[in-house]
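Following: one structure in C-alpha cells, then a few remarks.
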Amino acid sequence: MTPDVFLFWFLALTTVLAALGVIISANPIYSVLSLVMTMVGVAAIFVTLGAYFLAGVQLIVYAGAVLVLFVMVLMLFDLKHEIHAFTRGPVTGAIKIAAVGLLGGMIVGAIALSANSLMKTENNGIQTVIEGDSTKALGKLLFSQYLFGFEALGVLLLVVAVGAVALARAKGGTHAQH
C-alpha cells in the first residue's frame, strides 16, 4: 500500500468516525466538535485529491462560519429542556423514522434525477468554467455579477450573530445573568 493510499484511508476512517460521533453523541457540544472534526477531515481529503480551493472553502465556510452559527444556536436553548422535549414516547420515534425515510428517499431521488440529466446532456455549463483558470473566472463572476448577494449575506449573518447573543443574554434567556 502506497503512502498516499494509506493517508486517504486514514483520513476517510477518521472522517467517518467523527461523523458517527455527530450522530451518537448525546451532548450537543460534543456533537458540534465532532462535526468540526468531520469538516476538517473532508477538507484534508480534498487536499489529498489536489483540490486546494475546495479544501479552503470547506474550512472557511463550513468549519468556520456554519459551525459558529451552530454554537450560537446552542447558546439560545436550554439544552436539558430540549432533550426531554424531543424524546417523548413512541409517536415521536415513529415521526423521526418517517422523516429519515422521507429525507433518504428525497436524496436518492435527487441523485437519480441529477445522474439521469447529466447522462442526457453532452455539454453542460460546468465544462465551460472548468476550461482554463476556473478559480479566477469563478472569482470574477462572483464578485462582479453577484456582489450584492455576498454583501447582503454578510449583513444578514452579522445581524443573526448579534441577535443570537442579545437573545441569549436577555432576561429569561439561557445565559442571562441573574
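None of the figures in this text is laboratory data; all of them are computed from the coordinates on show. Not measured: the values here are computed from a predicted model. As a convention, Cβ positions derive from the backbone with ideal geometry for all residues, glycine included, and neighbour counts pool all protein chains shown.
Observations on the model:
- Peptides 92-99, 67-74 ranked from most to least packed give 67-74, 92-99, packing being the mean of other C-beta atoms within 10 angstrom over each peptide's residues.
- Cα-based shape type of the stretch 1-76, given that a ≥ b ≥ c are square roots of the gyration tensor eigenvalues and the cut on a/c is 1.5: oblate
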